[in-house]
Amino acid sequence: MGLEPELIRLKELIFAVDNVSEQKRLICSIIEKHKEESARAENRAQDHLALQNEHAALKEAHLELQTAQAEKSPDFVLHNGVRWRKTANGFEPFPYCNECGYQAVMRRPTPMARFWVCSQGHMAPLTGPPK
């Protein structure tokens with residue numbers, strides 16, 4: 001630690017019982033450095049705690065994502081950039097947005113459009129369901 005050489009010198013001066021002014025200077029210097037080191041240690045402890053909390057939150061979010069992935073319906077098929085939901089007779093007439101997940105149904109913005117669009121504005125080429 002940065003204080004060790006000064007502490008050794010102070011010990012020598014105290015045992016020598018001379019040069020009181022240098023003893024006082026060293027004591028003040030050591031006190032100041034101790035305050036600085038203590039403040040740095042406190043900041044590092046707060047940073048460490050914040051990182052621990054962030055890590056715990058990220059682990060929780062990761063676990064939730066893993067659980068959600070496991071619960072995703074397997075009756076969707078990714079085809080040409082969109083997800084098609086299987087039905088008993090084939091597929092639904094409109095696909096779902098691959099970027100938004102399973103909640104956003106895509107549509108053609110105009111009858112002449114050659115693309116699908118979702119409510120968030122994500123686009124995909126206009127194609128039919130998989131065969």
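Values in this text are rule-based calculations from the coordinates and carry no lab data. This structure is a prediction, so every number in the text was calculated from the model and none was measured. So basically every Cβ, Gly included, is an ideal-geometry build from the backbone, and we count neighbours across all protein chains shown.
Listed values, structure above:
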{"item": "Qualifying residue in the range 21-44 (condition: in a helix (DSSP H, G or I), touching a helix residue (DSSP H, G or I) at 6+ places or on another chain (Cβ under 8 Å) and touching a residue at least 24 places away in the same chain (Cβ under 8 Å))", "result": "yes"}
{"item": "Filter result for the condition that a residue is assigned to a helix (DSSP H, G or I) and in contact with a helix residue (DSSP H, G or I) (Cβ under 7 Å, 6 or more places away or on another chain), over Leu7, Leu49", "result": "Leu7"}
{"item": "Scan of the range 108-119 for residues that are exposed (fewer than 14 other Cβ atoms within 10 Å of the Cβ) and within 26 Å of Ala68 (Cβ to Cβ), ordered by number", "result": "Ser119"}
{"item": "Candidates Phe15, Phe91, filtered to the one that is more than 29 Å from Leu126 (Cα to Cα), without any contact (Cβ under 8 Å) to a residue 40 or more places away in the chain and of a type in the set (Phe, Trp, Tyr)", "result": "Phe15"}
{"item": "Filter result for Lys59 (closer than 30 Å to Asn98 by Cα, free of Cβ contacts under 8 Å to residues at least 24 places away in the same chain and out of contact with any Leu (no Cβ under 9 Å at 6 or more places or on another chain))", "result": "yes"}
{"item": "Cross-chain or 6+ apart pairs with Cβ under 6 Å, the range 115-131 first and under 14 Å from Pro93 (Cα atoms), then part of a loop (DSSP other than H, G, I, E, B) and of a type in the set (A, V, I, L, M, F, W, C)", "result": "Trp116/Met106; Trp116/Leu126"}
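Every residue, every condition in (1) farther than 29 Å from Met123 by Cβ; (2) touching a Lys or Arg at 6+ places or on another chain (Cβ under 8 Å), yes or no:
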residue: Glu32; (1), (2): yes, no
residue: Gln52; (1), (2): yes, no
residue: Phe76; (1), (2): no, yes
residue: Tyr96; (1), (2): no, yes
residue: Cys100; (1), (2): no, no
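A quick yes/no check of all residues on (1) surrounded by fewer than 12 Cβ atoms within 10 Å (Cβ to Cβ); (2) more than 30 Å from Pro129 (Cβ to Cβ); (3) not charged (D, E, K, R):
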| residue | (1), (2), (3) |
| --- | --- |
| Ile8 | yes, yes, yes |
| Val17 | yes, yes, yes |
| Ile30 | no, yes, yes |
| Ala45 | yes, yes, yes |
| His48 | yes, yes, yes |
| Gln52 | yes, yes, yes |
| Phe76 | no, no, yes |
| Asn89 | yes, no, yes |
| Tyr96 | no, no, yes |
